[in-house]
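K.L.:
Below you'll find the structure I mean.
The values are calculated or read from the model by the stated rules, or taken from the named source; none is laboratory data. Worth saying up front: this structure is predicted, and the values here are computed from it rather than measured. Heads up, the Cβs are rebuilt from the backbone with ideal geometry, glycines too, and the neighbour counts pull from every protein chain shown. Protein only, heavy atoms only, side chains kept; ligands, DNA and RNA dropped before computing areas. Shrake-Rupley method; radii C 1.70, N 1.55, O 1.52, S 1.80 Å.
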Amino acid sequence: MSTQGLDGTTVLVVGAGSGIGTAIAEAAAGAGARVVAASRRLDTAEQVAEIVGRGTAAVRLDLGDEESIIAAADVLGPVDHVVTVAADHANGPVTTLAAADIEEAFRAKVLGPLLLTKHFAPRMSPRGSFVLFSGYVSARPQGGLAVMATTNGAVDALVPALAVDIAPIRVVGISPGIVDSGSWDGLDDKSAFFDEVARTNPARRVGTPADIGDAVVFALTNPFLTATTVHVDGGQRVA
């Protein structure tokens, strides 16, 4: 991690209500940042702010509503770093998918980050950065996850494109693997699934939200890292 740290900076975390989002907020606050937790529901953002503490603020921001992005940018003014982990899923066989669900998935992962950049980048320091989230499924498509694979792949393409467009503000992608963040809790046998993941990937374990939070802090604090995606997946894409 760069010795630059995050002291004296403001980090906006969009999608902070997820397990990974909260871990990112905690990691950024632990590195010295003033964190702003953002969610489409203000009460969710406020709950995250209470969990993280350390002066964390809360704001409503819905990536599907450009007016809410403009309003958040107006309220917050200049921020140093923007991290978006927000996602909407449209999983299942392509023949069963609703167009509205597909559009929501692209809004969260592709259109939303573009609009965040549109409204926040002009207010940011040249030393600022954006961190976007893709995922290992872009490299390892699976049945029923065509939309997820496509949106994640779009993020992988968007990262270098934005980095060129808004340079010297940096843009970095984070691509997680299987992480025990709460999103798998609905599985009938989560333990067996995690055991199989750990058996087959090179890291021989599943990820934790803290693994992702640490990777985001690295991305935020390394001034020579841009236009690339960091794979924090335990080698899942080659398993």
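K.L.:
Going through region 135-151 one residue at a time, which ones are open to solvent by 10 Å² or more (accessible area, probe 1.4 Å) and under 19 Å from residue 21 (Cβ atoms)?
P.N.:
136, 148
K.L.:
Okay, next question. Tally time: how many residues in region 62-103 are modelled with pLDDT of 95 or more, within 25 Å of residue 149 (Cα to Cα) and under 16 Å from the mean Cα position of the chain (by Cα)?
P.N.:
10
K.L.:
Restricting the first residue to region 173-188 and requiring it to be open to solvent by 60 Å² or more (accessible area, probe 1.4 Å), which pairs with a second residue that is of a type in the set (Phe, Trp, Tyr) meet a Cβ separation below 6 Å and a spacing of at least six or different chains?
P.N.:
187/193
K.L.:
Kindly provide the set of residues from region 34-50 that are over 15 Å from the mean Cα position of the chain (by Cα) and of a type outside the set (A, V, I, L, M, F, W, C), ordered by number.
P.N.:
Scanning region 34-50 gives 34, 41, 43, 44, 46, 47, 50.
K.L.:
Can I ask one more? Given the conditions (1) within 15 Å of residue 83 (Cβ to Cβ); (2) over 18 Å from the mean Cα position of the chain (by Cα); (3) among the small types (Gly, Ala, Ser), which single one is not true for residue 31?
P.N.:
(2)
K.L.:
To continue, here is another question. Got a sec? Which of 26, 50 is assigned to a helix (DSSP H, G or I) and surrounded by fewer than 19 Cβ atoms within 10 Å (Cβ to Cβ)?
P.N.:
On the way: 26 fails: surrounded by fewer than 19 Cβ atoms within 10 Å (Cβ to Cβ).
When all the criteria are applied, what remains is 50.
K.L.:
Consider only pairs whose beta carbons are under 8 Å apart and that are at least six residues apart or on different chains; among these, list those whose first residue lies in region 150-163 and is over 15 Å from residue 108 (Cβ atoms) and whose second residue is of a type in the set (S, T, N, Q) and surrounded by fewer than 19 Cβ atoms within 10 Å (Cβ to Cβ).
P.N.:
Within 8 Å, the pairs are 159/228; 160/228.
K.L.:
Within region 82-110, restricting attention to residues that are of a type in the set (A, V, I, L, M, F, W, C) and assigned to a helix (DSSP H, G or I), which residue is surrounded by the most Cβ atoms within 10 Å (Cβ to Cβ)?
P.N.:
Checked region 82-110; the qualifying residue surrounded by the most Cβ atoms within 10 Å (Cβ to Cβ) is 108.
K.L.:
Whether any residue in region 104-126 is of a type in the set (Asp, Glu) and under 30 Å from residue 9 (Cβ atoms) is what I want to check.
P.N.:
no
K.L.:
Next question, about the same structure. If residue 79 passes every condition in (1) among the aliphatic types (A, V, I, L, M); (2) part of a loop (DSSP other than H, G, I, E, B); (3) closer than 30 Å to residue 235 by Cβ but one, which one does it miss?
P.N.:
Tallying (1) among the aliphatic types (A, V, I, L, M); (2) part of a loop (DSSP other than H, G, I, E, B); (3) closer than 30 Å to residue 235 by Cβ, residue 79 fails exactly one: (3).
K.L.:
Of 116, 76, which residue is under 26 Å from residue 165 (Cβ atoms) and buried (at least 19 other Cβ atoms within 10 Å of the Cβ)?
P.N.:
Values: 76 fails: buried (at least 19 other Cβ atoms within 10 Å of the Cβ).
None of the other options fit; the residue is 116.
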